[in-house]
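Novice: I'd like to ask some things about the structure below.
The values are calculated or read from the model by the stated rules, or taken from the named source; none is laboratory data. Treat the numbers as computed from the prediction; the structure is a model and nothing was measured. Positions of Cβ are backbone-derived with ideal geometry, glycine not excepted, and every protein chain shown enters the neighbour counts. The area values use the complete protein model at the heavy-atom level, side chains included, leaving out ligands, DNA and RNA. Shrake-Rupley method; radii C 1.70, N 1.55, O 1.52, S 1.80 Å.
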Amino acid sequence: MLSRVYRSGSQSFTHRLLPWVQSTTLSRSCRVQPSAIRHVRSWSNVPFITVPLSRTHGKSFAHRSELKHAKRIVVKLGSAVVTRGDECGLALGRLASIVEQILVTNLDFHDEQKRRNLNGTLHELLRMNIVPIVNTNDAVVPPAEPNSDLQGVNVISVKDNDSLAARLAVEMKTDLLIVLSDVEGLFDSPPGSDDAKLIDIFYPGDQQSVTFGTKSRVGMGGMEAKVKAALWALQGGTSVVIANGTHPKVSGHVITDIVEGKKVGTFFSEVKPAGPTVEQQGEMARSGGRLLATLEPEQRAEIIHHLADLLTDQRDEILLANKKDLEEAEGRLAAPLLKRLSLSTSKLNSLAIGLRQIAASSQDSVGRVLRRTRIAKDLELEQVTVPIGVLLVIFESRPDCLPQVAALAIASGNGLLLKGGKEASHSNRILHLLTQEALSIHGVKEAVQLVNTREEVEDLCRLDKMIDLIIPRGSSQLVRNIQKAAKGIPVMGHSEGICHMYVDSEASVDKVTRLVRDSKCEYPAACNALETLLIHRDLLRTPLFDQIIDMLRVEQVKIHAGPKFASYLTFSPSEVKSLRTEYGDLELCIEVVDSVQEAIDHIHKYGSSHTDVIVTENEKTAEFFLQHVDSACVFWNASTRFSDGYRFGLGAEVGISTSRIHARGPVGLEGLLTTKWLLRGQDHVVSDFSEHGSLKYLHESLPIPQRNTN
C-alpha cells in the first residue's frame with residue numbers, strides 16, 4: 001500500500017493506492033478502510049475523483065486565484081493518464097501519485113431511479129469520507145441520446161469519459177472539475193506545431209480560435225469532446241481546468257497546483273478580463289520595445305524629458321492617488337514600509353531631476369559602437385550595444401520606482417513589464433498612465449506595461465518565452481523567492497545587503513562617528529545601510545571607541561556583540577546569533593579584528609558582496625582594502641549609503657546587483673544593454689581563408705566613430 005500527502009492551504013489531501021482495485025477515492029483529510037469497499041455499488045469505468053465539503057453551488061469561479069476556495073472537486077483521469085506507455089495495462093505508479101483508492105462502479109444516468117440511487121450512494125460515501133472514482137462501463141452504458149448534447153444544464157449525453165465527468169460534476173454540485181489528459185491544455189493550433197501557444201484561459205464562444213487535433217490513441221474522447229464537456233459543466237456552475245496528468249515528476253502535484261491557483265493547463269471562465277492578459281502585455285512590450293529601440297536617441301530623450309515634466313505638472317493628482325494608498329495601508333504596513341510608500345513634492349522633484357540625467361545619458365546608449373575590426377579586405381566587423389529585450393521589474397511599496405525604471409527602459413530601448421505591490425496600486429496606476437502619455441509622443445505607448453491582473457509572481461517568472469531579464473526591487477525575501485521561482489530567466493539583484501565598515505587603527509576620530517551614524521542611522525531599512533562594524537583591536541578602550549558607542553546609544557541602536565568582541569567585555573551586549581545578518585533596522589553587529597587582512601577575510605566569509613567600507617588615514621592600507629575586497633562597491637572614508645544609482649550620477653537605478661556576470665553594483669542604463677555583432681562583407685566565404693585559399697585574415701583594429709552626445 002503506497003501513500004502520498006498533498007497540502008493545499010491549511011488542508012491536506014491524503015492518497016493511498018490499493019493496486020488490486022480498479023477505481024479510486026480521494027478526499028481531504030480522510031482515510032479509507034478496505035472494509036468500506038463492500039458498501040459501494042458497481043456503476044461504471046474511466047476514473048475521476050470527487051472531493052467532499054461543498055460550498056453553496058452557484059456560479060463558477062471567475063479567476064484562478066479563487067480556486068483555493070474549492071471544497072468539492074472532481075478529477076477526471078483520461079485514458080492516456082492511467083495507461084502505460086506501451087498501452088498494455090494501467091500505469092500504477094502514475095495512479096499512485098494522484099489517487100487514493102480504487103472502486104469499480106457502473107453508472108447509468110438515463111434511468112431516473114438509478115440516477116437517484118447513484119446520487120444517494122455518492123453522498124453517503126462522501127459523508128463517510130469515502131470518495132469514489134466513477135468509470136463508464138462501455139459494455140453496459142446505453143447509446144447516447146441523439147441531439148441531446150448541451151441542450152441545457154440538465155441534459156448531456158454520456159458518450160465518453162469527458163461527458164461523464166462533466167455530468168457527475170454538475171450532478172454532485174462540485175466547485176471544480178479537473179480533466180487530466182496527455183496534453184498541457186488547449187492550444188490555439190495543434191500541440192507540437194511551431195506556432196502553438198497554450199491557452200491560459202478559455203471563454204465560452206472561443207471555440208473558433210481553437211484547432212482540435214486527433215483523439216488520444218487510447219481514449220474515446222479527444223480535445224473537442226473535453227471542451228464541449230467543460231463548457232457544459234461551466235454552464236452548470238462548475239469551474240473547469242484541463243491539464244496534463246502524465247508527467248511522472250509533476251503528476252502528483254498537478255492537482256494541488258491547480259487548486260492553489262497556479263498557471264497549470266487551461267482554465268475555463270465565464271468572466272472575460274477588462275484588459276489584456278499578461279501574455280498579451282508581454283507581446284505588446286516586446287513589439288513596443290523594438291519600435292522604441294529604432295527611435296533616434298534624441299527622440300527617446302524627448303520622451304523621458306516629457307515624463308519628467310509630467311511628474312511635476314501633475315503633482316497634485318499623483319499625491320492624491322498616493323494619499324489613497326497611504327490611507328488604505330494605515331495599520332497594515334510597518335512604519336518603514338509606509339515611509340517607502342509615501343510620495344512628496346520633494347520626492348517628485350528629485351525624481352524629475354534624476355529622469356533628466358537619464359535623458360542626457362540616453363544620447364549615447366543603443367547602437368554605440370564598442371569595437372571595429374577589419375577581418376580582411378572589404379570584410380569589417382562591429383560590436384554595438386543593443387537592448388536586452390523585455391524586462392520584468394517586480395517592486396514592493398515603492399511607487400517612485402516606476403518612473404525611474406520606466407525611464408531607464410526607455411533610454412535603453414527595452415520593453416518593460418512592471419508588477420507593483422497592491423499597496424501602491426493607486427499611485428502606480430497614475431504614474432503608469434503618465435508614462436504611457438509620454439511614450440505616445442513618438443507612437444510607442446505599448447512599450448511599458450503595468451501588470452494589473454491577478455497573476456502571481458511565481459507565474460510571471462515562468463514566462464521565459466517573453467521575458468529576458470527579471471529585476472526584483474524589494475525585500476531580501478522577495479528577491480530569494482523570485483530567484484527560486486525563475487525558470488530559465490536570469491535574475492538581476494541581490495538577496496541581502498550585509499554591508500561592513502572596517503575602522504582601521506589609523507582612522508580619524510573626527511570622521512568615524514559621522515560615517516557610522518550616516519551609514520547605520522540615516523535610513524536603516526535600505527539595502528545599503530551598515531549592518532556590521534569591524535573595529536581594529538588597538539581601538540578598544542580608547543576615546544574613539546567610546547565616542548562610537550555613545551553615538552550609537554544616543555541614536556538608540558541595539559548592539560549585538562560578535563564572539564571576539566564579547567570575549568573582551570566583562571558585561572557585553574547580547575551576543576550575535578549570526579555574523580551573516582541583515583537587520584534592516586536600528587541594530588548593529590560589532591566585531592573585533594586584528595588587521596586589515598582579517599577584516600577582508602571576515603567580509604568575504606560573512607558579507608553579501610554588496611558594499612563595504614574602510615575608514616583610515618593610511619593611503620596604502622586603504623588601497624590594499626579597495627583592491628582586495630571582492631564586493632560590488634568598495635569605499636574609502638565614505639558612507640555605505642553612497643551605493644546608489646542616483647548618487648553615482650546614473651540618474652536612477654533598476655537595482656543593485658551583486659552578481660559577477662553582466663552588471664554589478666548600482667545598475668543604470670549601461671546594465672540594461674547587451675551587444676550584437678555586425679559583419680559587412682562582399683561575397684566572403686570561409687573557404688577563401690583556408691591554407692590554400694586566396695585570402696588572409698588581417699584582424700586590424702579600426703577607429704571607433706564618435707557620436708554627438710550634445
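Novice: Report yes if some residue within segment 500-507 is surrounded by fewer than 21 Cβ atoms within 10 Å (Cβ to Cβ) and either touching a strand residue (DSSP E or B) at 6+ places or on another chain (Cβ under 9 Å) or in contact (Cβ under 8 Å) with a residue 24 or more places away in the chain (or both); otherwise report no.
Specialist: Checked against the condition, which is being surrounded by fewer than 21 Cβ atoms within 10 Å (Cβ to Cβ) and either touching a strand residue (DSSP E or B) at 6+ places or on another chain (Cβ under 9 Å) or in contact (Cβ under 8 Å) with a residue 24 or more places away in the chain (or both), segment 500-507 yields at least one hit.
Novice: Something else about it: Checking residue 512 against (1) buried (at least 20 other Cβ atoms within 10 Å of the Cβ); (2) more than 25 Å from residue 630 (Cα to Cα), which single condition isn't satisfied?
Specialist: Going through (1) buried (at least 20 other Cβ atoms within 10 Å of the Cβ); (2) more than 25 Å from residue 630 (Cα to Cα) one by one, residue 512 breaks only (2).
So that you can scan it fast, the table gives a plain yes or no per residue for (1) of a type outside the set (Gly, Ala, Ser); (2) open to solvent by less than 60 Å² (accessible area, probe 1.4 Å); (3) over 31 Å from the mean Cα position of the chain (by Cα):
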| position | (1), (2), (3) |
| --- | --- |
| 526 | no, yes, no |
| 533 | yes, yes, yes |
| 559 | yes, yes, yes |
| 572 | no, yes, yes |
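Novice: Filter segment 270-287 down to the residues that are at pLDDT 90 or above and of a type in the set (Gly, Ala, Ser) and list them by number.
Specialist: Across segment 270-287, the qualifying residues are 282, 285, 287.
Novice: Please enumerate the residues belonging to segment 575-632 that are β-branched (Val, Ile, Thr), part of a loop (DSSP other than H, G, I, E, B) and open to solvent by less than 30 Å² (accessible area, probe 1.4 Å).
Specialist: Taking segment 575-632 and keeping what is β-branched (Val, Ile, Thr), we get 576, 581, 590, 592-593, 596, 600, 603, 611, 613-616, 621, 629.
Those left that are additionally part of a loop (DSSP other than H, G, I, E, B): 576, 581, 616, 629.
Selection gives 576, 616, 629.
Novice: Further question: Of everything in segment 657-693, what is in contact with a strand residue (DSSP E or B) (Cβ under 8 Å, 6 or more places away or on another chain), open to solvent by 100 Å² or more (accessible area, probe 1.4 Å) and farther than 30 Å from residue 609 by Cα? Give them in sequence order.
Specialist: The answer is 677, 679, 680, 682.
Novice: Sticking with this one: Filter segment 258-288 down to the residues that are surrounded by 16 or more Cβ atoms within 10 Å (Cβ to Cβ) and among the aliphatic types (A, V, I, L, M), then identify the one that is nearest to residue 416 (Cα to Cα).
Specialist: 285
Novice: For segment 551-574, which residues satisfy the criterion of being hydrophobic (A, V, I, L, M, F, W, C), assigned to a loop (DSSP other than H, G, I, E, B) and at pLDDT below 95? Talk me through it step by step, then tell me what you get.
Specialist: First, the residues of segment 551-574 that are hydrophobic (A, V, I, L, M, F, W, C): 551-552, 554, 557, 559, 561, 565-566, 569, 571.
Narrowing the set further to residues that are assigned to a loop (DSSP other than H, G, I, E, B) leaves 557, 569, 571.
Result: 569, 571.
Novice: So, one more: So, in segment 332-373, how many residues would count as being basic (Lys, Arg), over 26 Å from the mean Cα position of the chain (by Cα) and farther than 15 Å from residue 653 by Cα?
Specialist: 4
Novice: List every residue pair whose Cβ atoms lie under 8 Å apart, where the two residues are 6 or more positions apart in sequence or sit on different chains, the first residue falls within segment 60-88 and is modelled with pLDDT under 75, and the second residue, located anywhere, is open to solvent by 20 Å² or more (accessible area, probe 1.4 Å) and assigned to a helix (DSSP H, G or I).
Specialist: 81/94; 82/94
Novice: On to the next question. Can you tell me which residue is most open to solvent (accessible area, probe 1.4 Å) among those in segment 401-437 that are basic (Lys, Arg) and part of a helix (DSSP H, G or I)?
Specialist: Of everything passing the filter in segment 401-437, 422 is most open to solvent (accessible area, probe 1.4 Å).
Novice: Go through segment 338-366 and give me each residue that's buried (at least 19 other Cβ atoms within 10 Å of the Cβ) and touching a Ser or Thr at 6+ places or on another chain (Cβ under 8 Å).
Specialist: Within segment 338-366, 340, 341, 343, 348, 352, 362, 365, 366 qualify.
Novice: Check residue 423 against each of (1) at pLDDT 90 or above; (2) closer than 23 Å to residue 387 by Cβ and name the one condition it does not meet.
Specialist: (2)
Novice: How about segment 367-376: which of its residues are in contact with a Leu (Cβ under 7 Å, 6 or more places away or on another chain) and open to solvent by 30 Å² or more (accessible area, probe 1.4 Å)?
Specialist: 372, 374
Novice: Then there's this: Please enumerate the residues belonging to segment 448-485 that are farther than 26 Å from residue 334 by Cβ, within 11 Å of the chain's Cα centre (by Cα) and open to solvent by 20 Å² or more (accessible area, probe 1.4 Å).
Specialist: 462, 463, 464
Novice: Need a quick list: strands (runs of 3 or more DSSP E) entirely within segment 641-710 having at least 2 residues that are under 22 Å from the mean Cα position of the chain (by Cα), over 26 Å from residue 415 (Cβ atoms) and at pLDDT 90 or above.
Specialist: none
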